[in-house]
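Here is the structure we will look at.
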Amino acid sequence: MDSAHVDDVSTRYAEFAEYEVRGRTPVYLSWARGIAADPDTCKLIARLPRIKRQPVLVFAAARHAGAAETEDYAAFRDFLHARWAEVEQIALTHSTQTNEAKRCAVLLPFLSLLPGSLSLVEVGAAAGLCLYPDRYAYRYDLGGGHTYELQPAELATSVTPAEVPVLECDLRDGVPRPRSLPEIVHRGGVDLAPIDPADPDSRAWLRSLIWPGQQAERVPRLDAALDIAAADPPNIITGDLVEQVEAAVAACPDGSTPVVFHTAVLGYLEPPERAEFVRRVTELCRSAGAVWISVEGVTLLPEIATQIPESIRRHKGIFVVAVNGRPLATAHGHGDWVRALDMP
């Protein structure tokens, strides 16, 4: 086993503990810290392809195989080593297709600035739950005890409140309040392995991707969002997002604005692939009138990162909202808050 691969695993899990799960899920914090300091377990994980060594994927695969949600790292380690063949197979055949509908609360303020009807194109769409920003209700905390709410018009007629997830998000520092929900005329995208929102096994895997301690809040929201998507399935192309983004935009109807967006997706591409995607989507903005909205890790896209103060770039767990390559806000990866950087 190449020691560099083992060191890579140790570093990734230490950073995951420090920047992503500390203060959010004690179970994953214990597991990540334990693995980072455990060479034998690092060697086990290093046998996976690099793209499959992600903590979120390995931990979800372990839980999908039956690992208990315990903060006792020794017990988790015993399970992982004893059941590694099963965990490994799940990791190799599944992806971290976390579909968090609450990310729409981060996207909505920027979507609402776009005029006319919109055609949404999500790259790395999974089940496409972020393609329904007009079907969810929102409750924004504006600070100082003030809130702002939006809900679909049909909520007053044919849809019951129980069927509509309410997405709660802190809106801070000048992010514009969305005055209305967008008019969506097309929901499409690209994914290597699109998820059927009606498939029971796929729904079970998406639940395994929800972090321990967050199930009470996120599982009902996930189930409601999956029901919405199952009733009106999006047009998701099966394929590589770099190779198929032009085809996905070409499927948008005339007279609408194509909006290519992604949330926490490009980290699963190698840097050359990311660069090629940026080149292609930038060209689509020029040639097809598309708008590009990215919500990715603060240092993931170098062209965007260089526009952000160093004091912010040091916080690796922060996400950046950028429109056409211009950073406008920072955000929580699962949609808990969004704060303006340099709003016009």
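The values are calculated or read from the model by the stated rules, or taken from the named source; none is laboratory data. What you are looking at is a predicted structure, and each value in this text was computed from that prediction instead of being measured. Quick reminder, even Gly has a Cβ in these numbers, built from the backbone with ideal geometry, and neighbours come from all protein chains shown. Please note that ligands, DNA and RNA were not included when accessible areas were found on the heavy atoms of the full protein model with its side chains. Shrake-Rupley method; radii C 1.70, N 1.55, O 1.52, S 1.80 Å.
Some values worked out for this structure:
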{"item": "Near pairs, Cβ below 6 angstrom, 6+ apart or cross-chain, from the stretch 264-285 (under 21 Å from T96 (Cβ atoms) and part of a helix (DSSP H, G or I)) to any residue that is at pLDDT 95 or above and open to solvent by less than 30 Å² (accessible area, probe 1.4 Å)", "result": "L266/E296; E273/V242; F277/V242"}
{"item": "Residues that are of a type outside the set (A, V, I, L, M, F, W, C), buried (at least 18 other Cβ atoms within 10 Å of the Cβ) and assigned to a helix (DSSP H, G or I), drawn from the stretch 31-44", "result": "R33, G34, T41"}
{"item": "Cβ pairs under 6 Å, 6+ apart, first in the stretch 136-158 and at pLDDT 90 or above, second open to solvent by 90 Å² or more (accessible area, probe 1.4 Å)", "result": "A137/Q151; R139/E149; R139/E168; Y148/R177"}
{"item": "Enumeration of residues in the stretch 1-26 that are open to solvent by 50 Å² or more (accessible area, probe 1.4 Å) and acidic (D, E)", "result": "D2, D7, E15, E18, E20"}
{"item": "Any hit, the stretch 45-65, residues being touching a residue at least 40 places away in the same chain (Cβ under 8 Å), within 22 Å of T299 (Cα to Cα), assigned to a loop (DSSP other than H, G, I, E, B) and of a type in the set (D, E, K, R)", "result": "yes"}
{"item": "Boolean, V185 is modelled with pLDDT of 95 or more, of a type in the set (A, V, I, L, M) and open to solvent by 10 Å² or more (accessible area, probe 1.4 Å)", "result": "yes"}
{"item": "Strands (runs of 3 or more DSSP E) wholly inside the stretch 71-188 containing at least 2 residues that are among the small types (G, A, S) and in contact with a strand residue (DSSP E or B) (Cβ under 8 Å, 6 or more places away or on another chain)", "result": "137-143"}
{"item": "Cross-chain or 6+ apart pairs with Cβ under 7 Å, the stretch 100-114 first and open to solvent by less than 10 Å² (accessible area, probe 1.4 Å), then in a helix (DSSP H, G or I)", "result": "A101/L129; A101/C130; A101/R221; A101/A225; C104/C130; L107/C130"}
{"item": "Hey, G255 in a loop (DSSP other than H, G, I, E, B), out of contact with any helix residue (DSSP H, G or I) (no Cβ under 7 Å at 6 or more places or on another chain) and open to solvent by 10 Å² or more (accessible area, probe 1.4 Å) or not", "result": "yes"}
{"item": "Filter pass, A230 being at pLDDT below 90, in a helix (DSSP H, G or I) and aliphatic (A, V, I, L, M)", "result": "no"}
{"item": "Filter result (among the small types (G, A, S), under 24 Å from S112 (Cβ atoms) and surrounded by fewer than 20 Cβ atoms within 10 Å (Cβ to Cβ)) within the stretch 274-297", "result": "A288, G289"}
{"item": "Residue pairs meeting the criteria (Cβ under 7 Å; at least 6 apart or on separate chains; first in contact (Cβ under 8 Å) with a residue 12 or more places away in the chain, in the stretch 235-263; second open to solvent by 20 Å² or more (accessible area, probe 1.4 Å) and in a helix (DSSP H, G or I))", "result": "I237/Q244; I237/A247; V242/E273; V242/E276; V242/R280; V245/R280; E246/R280; T263/R103"}
{"item": "Flag if E149 is within 20 Å of I293 (Cα to Cα) and either surrounded by fewer than 15 Cβ atoms within 10 Å (Cβ to Cβ) or of a type in the set (V, I, T) (or both)", "result": "no"}
{"item": "Yes/no for L92 being touching a Lys or Arg at 6+ places or on another chain (Cβ under 8 Å), open to solvent by 40 Å² or more (accessible area, probe 1.4 Å) and within 23 Å of G34 (Cα to Cα)", "result": "yes"}
{"item": "Count of residues meeting criterion [outside any helix (DSSP H, G or I), among the charged types (D, E, K, R) and in contact with a strand residue (DSSP E or B) (Cβ under 9 Å, 6 or more places away or on another chain)] in the stretch 189-227", "result": "1"}
{"item": "Answer residue from the stretch 199-209, given it is free of Cβ contacts under 8 Å to residues at least 40 places away in the same chain and under 15 Å from R63 (Cα atoms) and is surrounded by the fewest Cβ atoms within 10 Å (Cβ to Cβ) among those", "result": "D201"}
